[in-house]
There are 4 protein chains.
Amino acid sequence: MYNIAILGASGYTGAELIRLIAGHSYMNIKALGANSKAGQSMAEVFPHLRHLHLPDLVTIEDIDFSHIDLCFCALPHKTSQEVIAALPKDLKIVDLSADFRLRDPVDYEKWYGNPHAALEQQKEAVYGLTEFYRDEIKAARLVAGTGCNAATGQFAIRPLIERKVIDFDDIILDMKCAVSGAGRSLKENLLHAELSEGYHAYAIGGTHRHLGEFDQEFSAIAGRPVKVQFTPHLIPANRGILATCYVKGDPEEVFEALAATYRDEPFIEVIPFGQMPSTRHIRGSNFCHIGVSADRIEGRAIVTAALDNLTKGSSGQALQNANLMLNIDETEGLMMAPLFP
Amino acid sequence: MYNIAILGASGYTGAELIRLIAGHSYMNIKALGANSKAGQSMAEVFPHLRHLHLPDLVTIEDIDFSHIDLCFCALPHKTSQEVIAALPKDLKIVDLSADFRLRDPVDYEKWYGNPHAALEQQKEAVYGLTEFYRDEIKAARLVAGTGCNAATGQFAIRPLIERKVIDFDDIILDMKCAVSGAGRSLKENLLHAELSEGYHAYAIGGTHRHLGEFDQEFSAIAGRPVKVQFTPHLIPANRGILATCYVKGDPEEVFEALAATYRDEPFIEVIPFGQMPSTRHIRGSNFCHIGVSADRIEGRAIVTAALDNLTKGSSGQALQNANLMLNIDETEGLMMAPLFP
Amino acid sequence: MYNIAILGASGYTGAELIRLIAGHSYMNIKALGANSKAGQSMAEVFPHLRHLHLPDLVTIEDIDFSHIDLCFCALPHKTSQEVIAALPKDLKIVDLSADFRLRDPVDYEKWYGNPHAALEQQKEAVYGLTEFYRDEIKAARLVAGTGCNAATGQFAIRPLIERKVIDFDDIILDMKCAVSGAGRSLKENLLHAELSEGYHAYAIGGTHRHLGEFDQEFSAIAGRPVKVQFTPHLIPANRGILATCYVKGDPEEVFEALAATYRDEPFIEVIPFGQMPSTRHIRGSNFCHIGVSADRIEGRAIVTAALDNLTKGSSGQALQNANLMLNIDETEGLMMAPLFP
Amino acid sequence: MYNIAILGASGYTGAELIRLIAGHSYMNIKALGANSKAGQSMAEVFPHLRHLHLPDLVTIEDIDFSHIDLCFCALPHKTSQEVIAALPKDLKIVDLSADFRLRDPVDYEKWYGNPHAALEQQKEAVYGLTEFYRDEIKAARLVAGTGCNAATGQFAIRPLIERKVIDFDDIILDMKCAVSGAGRSLKENLLHAELSEGYHAYAIGGTHRHLGEFDQEFSAIAGRPVKVQFTPHLIPANRGILATCYVKGDPEEVFEALAATYRDEPFIEVIPFGQMPSTRHIRGSNFCHIGVSADRIEGRAIVTAALDNLTKGSSGQALQNANLMLNIDETEGLMMAPLFP
């Protein structure tokens, strides 16, 4: 059994980690950190976890990391880098924040507005998109979980750039994101009365921070700068991201590139040509469904990808990476079927 | 007072017409036709209308049209053309179905699969996009209400084609459509347990019938064939369409084209540059909100438009057209504010 | 035209007042007070009202009340009494808060925890349950809007106590309340991700403050103390209250008492015996639907009542009362049909 | 490994059984029966199960039961009894329908309207409320799953009758039921556009069939007829039942009776006195949360119980019973944490 600590246990990704680890055969939760709610029990903070025998929440300072084998950091960005800089240098860490995703500190500062405060750790961080960084993750001490939108978009587009089957200069990602992606923060526009029964675009025009990840990854694969268009929309549902990707290329080639890439992947399902995935069919699971269709205009294809932002888009990915880092079967604790209806 | 008949009064667009006309100063509902529910009272079919003193539902055959000044047809397509062919030749009609939207019978058969059965009437039909066919509608006997997606997309794109500020060959309309657009029909995928908490694309790749309208209208304005990409998505909300339109052109020119076109329109609001409309802010009203943003990639703009599919996208548009046909103030019965929250 | 001021215009009941008054023939909004958002336009605070030509928000101190004919106070309780104490003594006021509902200052302090700070005004306040205090309201300077639960429960139960057709000692009100009743305040449990897809009881066991109103009103009618059981539940919908009332009495007599009481009321509909109202059929309207059923156990009846908490339960009631106070037709601005779906 | 067949695999309880068994260590799904969709793959019928290697759907007639160890019947009532009468007489069966819940055929006919067609099997059926029939279930060949409302109400009330801490003649169960309880059937009132954003009571006054179970069970425990009041309400959420039970008795004794009864139960959690459970905290799990509060009126208590109708209320209960029948650990495959948000 490996001993696990979770920092930021009072947020949604923290709770999702606990939900998943509760069904894991080789992990044991030893410490739950949450400074703002230290002293409370998980039954108070997340009553849906009341049946589990969990440690009470404590401040991060009060955690003894000497017996911890791996630590998940589910803290807000900026806080995360400060906390991680102070953790033991040999502690295995999976960070779910944005702090270690961008390799170039200049890019980090451009997208996040502050200079990076843990440059040492940033250097060793491995980008956590499991299916494409598996070997590096196995050997890593610090893995940076991807953005949930960044994961969804990359699952749809990376193979198409790698195999050069689309025009690199005309990629549009129109994303529909569920509410839990915004976290448990108190914002007026996240209230039920504001949000339900309506939807809108936000961070339009190329301002969403996950673009930093798209730029970094797609440019690296292409070997030259690639800039996509990406517009997120907030949808009145709790879990799920649906990416509708408009690309220029032969639809059959696009389909083949995706099918070939993911043929042996346990969590990525390329569904039959012409079919379209739905967020309702991956809810609460670590699966990602991808569909490809031809447009009526020749030479244009539409790729749609659906995953659960809290699971495959965040905490499920983090556990998958932790499994690799601890040399456990990659799918352990992650094979639960989606919840429908 | 004008005497009004509504055919297809047991569907959502029929009910919406009644809701609107209930607040109209110069219209009086004289007959409600609904063959499948003939004999029932509206209180049974739509209990939210029980406070109104409405005639019971009857078969269309049982309606005496001699005292009717204007008839709304809210019937399914194909049925509508058969019914309308048999109505008095001098009766003013606003049709909400798809039957008279396409001027070329070849196009109609291409998109709807059957030869048109009312070619005589089709010839005199005027396309009902009020803001662009106002004069023709005033003079018309038969007005064909537009598709709800077709209206949303045209409000966003028509001025840009008219004023030639965008590339005609690279227009993408990614639409997010609420559930009521699918009507009151019994389909498994429209059940609450299937639909809520999930969303997906449908009619992908250029197969949605409203493309027939886009092709007809945009090509006519451009003076040459224009084919757009249009992908609708089903969103777990009851009312609303949000169109996210990706176009190539100067964002400021795009904004100016829209602002200039709609400056004096009572129902179309172009909101400040860089802001984004939401379906929650037009729900239950006849307003359409349009926003324009620049993308980070030069020469690309994003136009988002939001309207209520049952009101401005269908029954509200129909009433607006009926007002014009009866020489009543165009906004009569339509100025109610949106319902929020 | 009467000149109207609304204090607390940045909350849901304030926005609902504006929505209703926008369709009113004899009222003109002259001032909108909202201290926390003073300086902003309504288009910023409530974009669904952007089509209206409204004054910007100002602090209450900045409003000149000399030309105001009637003022709606949609402020939080406690704040409301302080503000109203300082308003001109001859200004007609409809208060939507809880501050003037309870006639006995001892009761007020018991339920709200602080001594009343406007005893002078409290003395002259009239309880605003229109259908039962119509004459007093017509003559009043200050009318206290009822609690939304209190209104729903009283519509169902008052006639049964007045006509003595039920056991006064065994009345249970199980209420299902939509989210907007909690206002626009930032509370974790009101977030969409927390609230949607789940429901629970709150303020259980006789602790909800609206019990103060039930006690006051029911005891006054009965001529002796009457204490009901009342348990509210939070339901994942935006508008609506459904009261399911369990009473002991002859079901037919119960029905007759309700039917007779509301026979001529424009907004209260007693639906046929055995039928059950739904919140979806009154949404966005000033109507209240009431149904009565017999239980299989003899001598027991179930009364269910549905209304929209923001309209008939609050702002609609307030406007109805304001109409009476200004000698305008009571239904002016309030006859819009419910929004369904 | 035990070989399992599921009849009625195209409905929600069938799909839920598959979801649960997918995580079960000792069960293997060998056959999926669904006459109306025979020939289809599960990926077509329930795309959220597409990652599982499941047999295609077949007609029940096409299933070879000779190698099946246990069969779940998730068929509609009436069909179920006919099918089960024809199954091998030594096949272990867990029936999820209503057909074998009522021991007295007269009661069955009273509540379900038709004479029972499998009287032989009905005699041997054991009522499947696990926590109260554990020994009988272990020894049973045929177990009748309870109604989902019946389970919820009994968890709250059985211990109170057994320990005689409440008045047997004044028990009110006000239940709030999510939509999936109505199944996947095509009914107008189950459409998203009809159902979302509204709620209502149904089967009011003692007409719901689950009353047959309450009468049978409560009367048997009490040793004399006990008739409760039970009113279900349809709530716009997909999973969950919340029972709000109004009883007369000492609240502390009520709490103690429940706490003592469920002290060692793995799935029933009696939460601290005065706290209230929520359906959001048991969603997708086999847990039932129960809370007790005192009312302000002395001698009255309110018990609220929450469970997931598809899991603990139906398929989870069925699997728990199957585990007992096959001498597997009762909790196998059922310990997954609830899904929140």
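Which whole-percent values make up P(r) of chain B when all C-alpha to C-alpha distances are grouped in 10 Å steps starting at zero?
Whole-percent P(r) values from 0 Å outward: 6, 26, 35, 24, 8, 1, 0.
Please list the equivalent ellipsoid semi-axes of region D:110-179, computed as the square roots of five times the alpha-carbon gyration tensor eigenvalues, in descending order and whole angstrom.
So the three semi-axes of region D:110-179 are 25, 18, 13 Å.
From the C-alpha gyration tensor of the protein assembly as shown, pull out the three semi-axes of the equivalent ellipsoid (sqrt of 5λ each), sorted largest to smallest, in whole Å.
Listed largest to smallest, the semi-axes of the protein assembly as shown are 44, 43, 34 Å.
Using Cα pairs closer than 8 Å and at least 6 residues apart in sequence, work out the relative contact order for region A:240-294, in percent.
Computed value for region A:240-294: 39 percent relative contact order.
Okay, which of region C:192-213 sit inside 19 Å, backbone N to the point 7 Å along the Cα-Cβ direction of D:ALA259?
In region C:192-213, the label zone of D:ALA259 (backbone N under 19 Å from the point 7 Å along Cα→Cβ) covers C:205.
Over chain D, what relative contact order in percent results from Cα pairs under 8 Å that are six or more residues apart?
17 percent
Starting from the Cα-Cα distance between B:LEU326 and B:ASP135, subtract it from 0.36 nm times their residue separation and give me the gain in nm to one decimal.
Gain on extension, B:LEU326 to B:ASP135, equals 67.5 nm.
When averaged across all projection directions, what area in nm² does the alpha-carbon convex hull of region B:21-161 cover?
10.0 nm²
How large is the charge dipole for region C:149-308, taken about the Cα centre, if only the Cβ atoms of Lys, Arg (+1) and Asp, Glu (-1) carry charge, to the nearest 20 debye?
So the dipole magnitude of region C:149-308 works out to roughly 380 debye.
List, shortest first and in nm to one decimal, how far the label point of D:SER66 (7 Å from Cα along Cα→Cβ) is from its counterparts in the other copies.
6.6, 7.9, 10.3
Which chain D residue puts its Cβ closest to the axis that rotates D onto C, and at what distance in whole Å?
It is D:ASP174, 2, counting Cβ atoms only.
Label-to-label distances across copies for C:GLU188, with labels 7 Å out along Cα→Cβ, in nm, shortest first?
With the label placed 7 Å along Cα→Cβ, C:GLU188 yields 2.3, 4.1, 4.4 nm.
Remind me, relative contact order of region D:149-308 in percent, using alpha carbon pairs under 8 angstrom and six or more residues apart?
The normalised contact order for region D:149-308 reaches 29 percent.
List the trypsin sites (Lys or Arg not before Pro) within region A:238-341 that fall in a DSSP loop (any state other than H, G, I, E or B) and whose Cβ has at most 10 other Cβ atoms within 10 Å.
For trypsin sites (Lys or Arg not before Pro) across region A:238-341 that sit outside H, G, I, E and B with at most 10 neighbouring Cβ atoms in 10 Å, the list reads A:ARG263.
State the Cα centre-to-centre distance between region A:1-25 and region B:273-341 in whole Å.
46 Å
Whole angstrom only: what separates the Cα centroid of region B:46-96 from the Cα centroid of region C:82-132?
52 Å
For D:SER36, go 7 angstrom from Cα along the Cα-to-Cβ vector, then report the distances to that same point in the other copies in nm, smallest first.
1.7, 4.8, 5.0
Quick one: Debye curve from the alpha-carbon atoms of region A:241-341 only, equal weights, vacuum; give me log10 I(q)/I(0) at q = 0.11, 0.14, 0.21 Å⁻¹ to two decimals.
-0.36, -0.56, -1.03
Run the helix sum for chain A: -39,500 (n - 2.57) per DSSP H stretch of 4+ residues, divided by residue count, reported at 222 nm to the nearest 500 deg cm²/dmol.
-8500 deg cm²/dmol
Would you mind ranking B:PHE132, D:PHE46 by Cβ crowding within 10 Å, fewest neighbours first?
Result, fewest neighbours first: B:PHE132, D:PHE46.
For B:LYS30, give me every one of the lysines with a C-alpha distance below 16 angstrom, ignoring sequence neighbours fewer than eight places off in its own chain.
Reachable lysines: B:LYS92.
If you consider only alpha-carbon coordinates, what radius of gyration and Dmax does region C:1-103 have, in Å?
Computed over the Cα atoms of region C:1-103, radius of gyration and Dmax are 12.8, 41 Å.
Calculate the spin-label point distance for A:ARG296 paired with D:THR207, positioning each point 7 Å from the Cα along the beta-carbon direction, and give it in nanometres.
Those two pseudo-labels are separated by 4.9 nm.
Leaving out same-chain residues fewer than 8 places away, which lysines sit with a Cα under 17 Å from that of A:LYS89?
Here the lysines satisfying the reach criterion relative to A:LYS89 are A:LYS123.
I'd like the Karplus ³J(HN,Hα) series for region D:185-200: coefficients 6.51, -1.76, 1.60, θ = phi - 60°, whole numbers in Hz, and an x wherever there's a Gly or Pro.
Along region D:185-200, the couplings run 7, 7, 10, 4, 6, 9, 5, 4, 5, 7, 8, 4, 6, x, 7, 7 Hz.
Which residue fluctuates the most in chain B, going by a Gaussian network model with Cα springs under 10 Å, if the choices are B:GLY128, B:GLY183, B:GLY33?
B:GLY183
Translational D (Stokes-Einstein, µm²/s) of region A:149-309 at 20 °C and 1.002 mPa s when Rh comes from the Kirkwood sum over C-alpha pairs?
The calculation lands on 133 µm²/s.
Within chain A, which DSSP H helices have Cα atoms that stretch 15 Å or more along the helix axis and a mean Kyte-Doolittle hydropathy of at least -0.5?
Counting only whole DSSP H runs, the qualifying helices are A:148-162, A:210-222, A:251-262.
Values in this text are rule-based calculations from the coordinates and carry no lab data. All values reported here derive from a predicted model rather than from experimental measurement. Heads up, the Cβs are rebuilt from the backbone with ideal geometry, glycines too, and the neighbour counts pull from every protein chain shown.
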